[in-house]
Amino acid sequence: MTGPRLTNTDPALRRGWHPAAMAVDVGEHPLSVELLGEHWVLVRLPVGGPISAFVDACPHRGAPLSAGTIDGDSLRCPYHGWCFEASGGCTEIPSMGVGAAIPPKAKARVPYAVEERHGIVWIAPEEPVAPLLEVPEEHEPGFMVADLPPVRARVGAGLMLDNFLDQAHFAFIHAATIGTPEAEVVHDLDIERHGFSMTVRSEHPFPNREDPAVATGERPLIQTRRLTYEYRAPFAISLRIDYVEAGGTNILAFAVQPERDDSCVVYTRILRNDLDGDPHRLAEAVSFEQKVIDEDVRLQERYRDRSLPLDITEEVHVKADRMTVELRRILADLVAVEPG
Ligand code: FES
Ligand SMILES: [Fe+2]
């Protein structure tokens, strides 16, 4: 007998904020996206305006609204021309003539909420259990911001988050990038859970080979890195890395869009305040981070079962896994919430 496992299309995931597209990709035409095994259409009403989301099926005869056109403040269905405003309400049925009463059921299905934040369009199909991830440094002077091209992968969203919160794999999966032998032992973690969110703090020694003050003897090679994770269920997280001796802060904001059971899209934003405003160094940081994510995805894609076990007794855990055990507890609690 095996316990519950979280798949990418678990209905409980409807009660969360999910990335659905890069905001820049929602332009003058409707954009079709997939989330939790369901098709949605994203559209700016009017052109250039705020983003609305609809289930990508017209309430009339089910035509894909993503094949429609923007008409002022409405999205016009390609089939019989019905128009829907941001709230989903139908504003026009051409076949009935001007002034005819609109049937109350003529409503396009809309999510509980849609929002543009961190360069991403987020959808909460139902009332979310946790707030949207905040990255306050985005608005702080001195930080450079860059987005990685989103990565579509055949991975489980739960496993991908598990991987992001996991510190014990660096020396192995990332031996060619961020892994150092010093990273093998995972140091103490301070985990604070608030509802369906958690904050985790830790500190560890590492060899700062990039610090020019090491060569001059001004600072020691072995320095301290302070890590702060902010997790928001189900699949969004930021990691802030503060370099205690050398100064400087790196932030990685990371979110996963569960498209369907065998597909996800991984969104990553980098924030750095230690690059002297140099766009070349920022581009280098982006391509380095791309390599790191590729290393993770390559292993995740080899999992035969892409679901995440939610029964804590099913796997073997050690002290270094406390963060990923807490992730399982939070997601198990999300699955246990009665539908509203
Ligand atoms: S199917 Fe959309 S208007 Fe008829
Ligand atoms: Fe990793």
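The values are calculated or read from the model by the stated rules, or taken from the named source; none is laboratory data. Nothing here was measured: the structure is a model prediction, and the numbers come from that model. Here the Cβ positions follow ideal geometry from the backbone for every residue, glycine too, while neighbour counts run over all protein chains shown.
For PRO149, are the conditions met, namely being in the same structural domain as LEU282 (by TED's automatic domain parsing), at negative phi, within 27 Å of the chain's Cα centre (by Cα) and away from ligand 2 (no atom under 16 Å from the Cβ)? Give the steps one after another, and end with the answer.
Working: in the same structural domain as LEU282 (by TED's automatic domain parsing): yes; at negative phi: yes; within 27 Å of the chain's Cα centre (by Cα): yes; away from ligand 2 (no atom under 16 Å from the Cβ): yes.
Answer is yes for this residue.
Evaluate the range 306-322: report whether one residue or more is among the acidic types (Asp, Glu), away from ligand 2 (no atom under 16 Å from the Cβ), over 18 Å from the mean Cα position of the chain (by Cα) and not in a helix (DSSP H, G or I).
yes
Among the residues of the range 161-220, write down those that are more than 16 Å from ligand 2 (Cβ to nearest atom), among the β-branched types (Val, Ile, Thr) and either more than 24 Å from ARG232 (Cβ to Cβ) or not assigned by TED's automatic domain parsing to the domain that holds GLN290 (or both). VAL185, VAL214, THR216, listed by residue number. Those strands (runs of 3 or more DSSP E) of the range 36-81 in which at least 1 residues are within 17 Å of LYS107 (Cβ to Cβ) and more than 16 Å from ligand 2 (Cβ to nearest atom), considering only elements entirely within it, cover 38-44, 51-55, 74-76. Taken across the range 8-25, residues that are over 30 Å from ALA332 (Cβ atoms), within 16 Å of ligand 1 (Cβ to nearest atom) and of a type outside the set (Asp, Glu) do not occur at all. With respect to VAL244, is the statement that it is away from ligand 1 (no atom under 16 Å from the Cβ) and in contact (Cβ under 8 Å) with a residue 24 or more places away in the chain true? Taking the combined requirement at face value, the residue satisfies it. A Cβ distance below 6 Å, combined with a sequence gap of six or more or placement on separate chains, defines the contacts here; from the range 44-68, residues that are under 19 Å from PRO125 (Cβ atoms) reach residues that are assigned to a loop (DSSP other than H, G, I, E, B) and within 8 Å of ligand 1 (Cβ to nearest atom) in the pairs CYS58/CYS77; LEU65/CYS58; LEU65/CYS77. Just give me the residues in the range 279-304 being surrounded by 12 or more Cβ atoms within 10 Å (Cβ to Cβ) and not in a helix (DSSP H, G or I), in sequence order. GLU301, TYR303 - these are the residues of the range 279-304 that are surrounded by 12 or more Cβ atoms within 10 Å (Cβ to Cβ) and not in a helix (DSSP H, G or I).
Checking each residue in the range 251-278 for being free of Cβ contacts under 8 Å to residues at least 40 places away in the same chain and surrounded by fewer than 20 Cβ atoms within 10 Å (Cβ to Cβ) picks out ASP274, ASP276, ASP278.
Within the range 144-193, can you find the residues that are of a type in the set (D, E, K, R) and touching an Asp or Glu at 6+ places or on another chain (Cβ under 7 Å)? Spell out the reasoning first.
In the first step, residues of the range 144-193 are kept if they are of a type in the set (D, E, K, R); the result is 147, 152, 154, 162, 166, 182, 184, 188, 190, 192-193.
If the condition is that a residue be of a type in the set (D, E, K, R) and touching an Asp or Glu at 6+ places or on another chain (Cβ under 7 Å), then ARG154, ARG193 are the ones that fit.
Listed here are the residues, each with its yes/no results for (1) charged (D, E, K, R); (2) out of contact with any strand residue (DSSP E or B) (no Cβ under 8 Å at 6 or more places or on another chain).
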{"site": "HIS29", "(1), (2)": "no, no"}
{"site": "ASP56", "(1), (2)": "yes, no"}
{"site": "ALA86", "(1), (2)": "no, no"}
{"site": "PRO104", "(1), (2)": "no, yes"}
{"site": "ILE123", "(1), (2)": "no, no"}
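Taken together, GLY89, GLY142 contain a single residue that is surrounded by fewer than 17 Cβ atoms within 10 Å (Cβ to Cβ), at pLDDT below 95 and not hydrophobic (A, V, I, L, M, F, W, C), which is GLY142.
Of all the criteria given as (1) of a type in the set (A, V, I, L, M); (2) in the same structural domain as ARG328 (by TED's automatic domain parsing); (3) at pLDDT 95 or above, the one not satisfied by VAL129 is (2).
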